[in-house]
Structures are given as structure tokens and as C-alpha cells.
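Data first, discussion second: the structure below is written as C-alpha cells.
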Amino acid sequence: MPPFERNWMLAVAICAILASIEAPLRLVLHYKSSFLIESVLTAIFLVDLIFNLRESKTASSPANGRAPRQRKMGWLLVDLLAAIPFGILPIPAAFQLLRLVKVARVGQLIARWRGQVVLHLGFFRLGSFLFWLALLTHWIACAWLALRGITPDFSDATHYLRAVYWSVTTLATVGYGDITPTSNAQMVFAIGVMIIGAGVYGFAIANVANILANIDPAKVRYREMVERLTVFMNYRSIPPELQRRILDYNAYLWEKRLGYDESSTIAGLPPNLKTEVLLFLNGDIIERVPFFRGASQELIRAVALEMHPVVFTPGDYIMRAGEPGHEMYFVSRGAVEVVSADETKIYATLGPGDFFGEMALLFDQPRVAGARAVSYCDLYLLEKETFNRILARFPAFAAHIAEVVDKRKDLNQRG
Ligand code: CMP
């Protein structure tokens with residue numbers, strides 16, 4: 001949705017909320033509407049009506065799809081009713097309530113937002129529930145006031161406060177009984193509100209607890225996974241030290257990526273979108289490797305699309321000297337020690353932006369050295385075939401690698 005349209009929808013929603021709070025209150029407290037406010041609201045709703053009329057003729061919005069005719073007509077009726085300035089027309093005051101229908105647009109906006117909210121969906125759901133509940137409480141309080149009538153023994157504010165008090169206690173199924181119905185109409189109304197209250201209470205118990213428990217779904221998933229893992233490890237009597245390392249690894253994954261397995265999470269995306277996501281996700285390593293900074297977009301794309309993230313825990317051997325090599329690595333985070341075959345000598349300590357494991361692939365030989373993770377390491381793995389393909393396509397990249405390899409060979413021979 002373009003920003004202007006979004007802001008406009010928000011402005012209309014705020015006006016609709018104001019109108020839906022103020023119109024019933026004005027009706028029951030019998031005060032005159034402000035000409036200015038009435039005119040501003042009418043103007044905004046009128047512009048919105050024209051805006052929506054035009055839109056419904058031209059295109060269907062992505063959120064609605066090709067909305068059926070009746071639905072479009074329904075929305076236009078809502079906009080039309082809200083745009084009529086009942087407050088300043090010489091007609092019965094009750095007509096002013098017709099403006100309340102515009103609140104349906106608030107519902108529409110909330111539904112759209114809900115589809116777009118990425119983080120804190122739980123808070124959002126809770127917020128929208130509380131919003132509707134507050135509005136319902138207000139309407140019920142106004143209706144109760146209308147049935148009770150305004151007497152001179154209290155001020156308007158006290159009348160309203162007492163009505164809200166009755167509305168809350170009845171909706172919450174508390175019902176202290178200090179304000180009780182005194183006529184048949186009030187009694188019927190109270191029965192209705194009690195029935196609604198039972199529904200709201202049931203809904204709140206069932207949903208709010210659920211919403212609160214799932215306010216952070218990733219954390220819930222993580223906790224469940226850790227519980228499952230702990231049960232499994234205890235059942236299979238995994239040694240405590242190994243258990244600690246497994247849990248540490250999961251905690252690290254959680255901290256860095258909210259425990260998401262990136263490749264499976266994006267596997268279902270269409271190819272173009274997947275490319276963009278991968279470019280974004282692997283962008284940090286591209287930025288860290290000095291050579292990539294000046295490289296062509298084409299090379300960056302080729303590399304970014306083929307790299308797979310892997311994590312190593314402190315002390316893990318990523319490769320050992322003499323093994324055959326099938327992949328090379330780029331370091332994104334953490335430190336890796338390159339060690340001699342007998343593990344007595346440390347050739348180098350590599351950090352973010354460095355790469356290793358390329359020699360075995362280039363010369364089709366066993367690994368000349370071993371590599372060990374010093375800390376938690378986020379690495380990106382590039383498989384042999386992909387590496388060779390990229391070298392063949394991008395001679396500058398191949399030359400850069402060859403340069404680094406020469407230096408390393410020199411160093412090792414000297415050392
Ligand atoms: P490879 O032989 O495939 O596996 C071990 C890797 O260690 C090797 O490729 C190089 O990438 C890396 N390596 C070897 N010697 C050094 C060095 N002196 N400095 C940094 N890295 C090295």
C-alpha cells in the first residue's frame with residue numbers, strides 16, 4: 001500500500017473512532033455538536049467516499065482481491081452514510097448514530113495491518129481486542145444512559161462514569177448489583193449485555209491467555225525445542241558435558257537467528273524473492289570479505305546465492321589436515337585457527353571476512369592444514385563444484401584467490 005493511502009486510511013480511521021465515541025455520547029448527554037468538528041469529519045468522510053468510489057471503479061486492492069459486487073456496494077453504503085452530516089441537519093437526533101457504521105473501516109484497517117505485522121503479532125492481537133472491548137463498553141454505557149435517562153442529581157460526567165462502571169461490571173460478569181435495572185426495558189437490555197458479557201469473558205479467557213502465552217512465538221518454539229531436547233538427552237543418557245554443549249549451541253542459534261533454520265524457512269519462496277532474500281541474508285559476509293567490496297554485482301549474486309550458513313561451536317574441528325576437501329568457508333563471525341597437521345603449530349587465526357579451505361579445491365589435494373573454531377563461528381560454506389564454476393566464470397576472483405594461496409604457501413614453507 002502506498003504511504004499516502006496508508007496515512008489517509010489511518011486518518012479516516014481516527015476520525016471514525018472519534019465519531020463513534022462522540023456521536024452516541026452527544027445523543028445521551030444532549031449537548032450540541034460543534035459545528036467545526038462536524039464539518040471537518042463530514043469533509044474527511046466525503047473525500048474518503050469519493051476516493052473509495054474512484055478506487056472501486058478502477059482496481060481491486062490486493063487485500064480484497066476482486067471483491068464481489070455486493071461487498072463493494074456495502075462499503076460504499078458505509079462511506080455514504082458516514083459522509084452525511086446528520087449532526088447539523090434538521091432531522092431526528094438518532095440519525096446521528098448512522099455514522100457509527102464507519103467504524104467498519106477501522107476493522108478493515110486492523111485486518112490489513114494484521115496481515116502485515118511481522119513482529120509482536122501477539123501484542124497487536126491483544127491491542128485490537130482491547131480496542132474493540134473499550135469501544136463496546138462505551139457503547140453499552142451510552143445505551144444504558146439512554147435507557148436510564150439523565151437526572152439532575154448527578155453531573156454529566158458522574159452519569160457517564162456510573163454507566164461505564166455498570167457496563168464494565170456487567171460485561172466482566174462481576175455484577176456487583178449496586179446499580180440495578182429499574183424498568184422492563186433496562187432489564188431486557190441488562191440480560192442482553194450479560195449474555196454478551198459471558199461471550200466476551202469466554203473469549204477473553206480462551207484467547208487472551210493464548211495471546212499472552214504466544215506473544216513471542218519464536219521464544220515459545222525455542223523453549224519447546226529445548227524441553228524436547230533435554231528429555232531426549234536425559235533418556236539417552238548423553239554425558240552432561242555434551243548436553244551442555246548442545247544446549248549452548250542452541251542458545252547461540254537462538255540468539256543469532258531466533259533459532260530459525262534459514263534455508264528451510266525460505267525454501268518455499270518463489271525464485272526471484274528467494275534470490276533477493278539470500279542476497280540480503282548473505283550480504284553481511286559479502287560486505288566483510290574485502291575482495292567482494294569491489295567485485296561485480298554478478299559475482300556477488302553468484303556467490304551469495306550459493307553460500308550456505310553453518311555454525312561451529314568453540315573447539316570444533318572444521319577440517320583436519322590430510323582429509324579430502326569438498327568445500328571452502330568464509331568467516332562471517334568468530335575466530336578460526338589454522339593449525340598444522342600435528343596440531344602443534346598455529347599458522348594463522350582467521351576472523352570475519354577471511355576464507356579458508358580453498359587449497360584442496362584448487363589443487364585437488366588433501367587439506368594442507370586443519371582448522372579449529374576458537375569461539376562460536378558463523379561460517380558460509382561454498383561447495384567444490386560451485387567454487388570451481390565461479391572461478392571459471394570470474395577470472396578476477398580466481399586471481400585474487402590464487403594470490404592469497406601463494407602467500408599462504410610461502411608462509412607455510414617458511415614456517
Ligand atoms: P585447505 O588445504 O583446503 O585446508 C586447510 C586450509 O587452511 C587451506 O586450504 C587454507 O585455506 C588454510 N591455510 C593453510 N595455510 C594457511 C596460512 N598460513 N594462513 C591462513 N590460512 C591457511
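Do the conditions hold for A172, that is, is it more than 18 Å from I21 (Cα to Cα), touching a helix residue (DSSP H, G or I) at 6+ places or on another chain (Cβ under 7 Å) and not basic (K, R)?
On the way: more than 18 Å from I21 (Cα to Cα): yes; touching a helix residue (DSSP H, G or I) at 6+ places or on another chain (Cβ under 7 Å): yes; not basic (K, R): yes.
Yes; evaluated as a whole, the condition is true for this residue.
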### Task
With respect to K345, determine if the residue is in contact with a strand residue (DSSP E or B) (Cβ under 8 Å, 6 or more places away or on another chain), on the phi < 0 side of the Ramachandran plot and surrounded by fewer than 14 Cβ atoms within 10 Å (Cβ to Cβ).
yes
### Message
Report every pair of residues separated by at least 6 positions or lying on different chains whose Cβ atoms are under 8 Å apart, first residue within the stretch 50-63 and modelled with pLDDT of 80 or more, second surrounded by 15 or more Cβ atoms within 10 Å (Cβ to Cβ).
### Response
F51/W8; N52/W75; N52/D79; L53/D79
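Where in the stretch 225-290 are there helices (runs of 4 or more DSSP H), lying wholly inside it, with at least 3 residues that are among the charged types (D, E, K, R)?
Values: elements: 240-257, 262-266, 271-281, 283-288.
Per the criteria, 240-257, 283-288.
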### Query
Just checking, how many residues over the stretch 203-234 are touching a residue at least 40 places away in the same chain (Cβ under 8 Å) and out of contact with any helix residue (DSSP H, G or I) (no Cβ under 9 Å at 6 or more places or on another chain)?
0
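Could you list, in sequence order, the residues of the stretch 1-14 that are part of a helix (DSSP H, G or I) and in contact with a Lys or Arg (Cβ under 8 Å, 6 or more places away or on another chain)? Full working, then the answer.
Residues of the stretch 1-14 part of a helix (DSSP H, G or I): 3-14.
Matches in the stretch 1-14: M9, V12, A13.
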## Note on the structure
Among the residues of the stretch 312-341, the number that are within 10 Å of the ligand (Cβ to nearest atom) and basic (K, R) is 1
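Give the residues of the stretch 355-414 that are hydrophobic (A, V, I, L, M, F, W, C), outside any helix (DSSP H, G or I) and near the ligand (Cβ under 8 Å from one of its atoms), sorted by residue number. Quick ask: steps written out before the conclusion?
Within the stretch 355-414, the subset hydrophobic (A, V, I, L, M, F, W, C) is 355-356, 359-363, 368-369, 371, 373-374, 377, 379, 381-382, 387, 390-392, 394, 396-399, 401-402, 404-405, 411.
Subsequent filtering for residues that are outside any helix (DSSP H, G or I) retains 355-356, 368-369, 371, 373-374, 377, 379, 381-382, 394.
Answer for the stretch 355-414, where residues must be hydrophobic (A, V, I, L, M, F, W, C), outside any helix (DSSP H, G or I) and near the ligand (Cβ under 8 Å from one of its atoms): F355, F356, V368, A369, A371.
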### Message
Which condition from (1) loosely packed, with under 13 Cβ neighbours inside 10 Å; (2) closer than 15 Å to F86 by Cβ is the one that Y31 breaks?
### Response
(2)
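The values are calculated or read from the model by the stated rules, or taken from the named source; none is laboratory data. On a predicted model such as this, the values are computed, not experimentally measured, just so you know. All Cβ positions, even for glycine, are placed from backbone atoms using ideal geometry, and neighbour counts span all protein chains on display.
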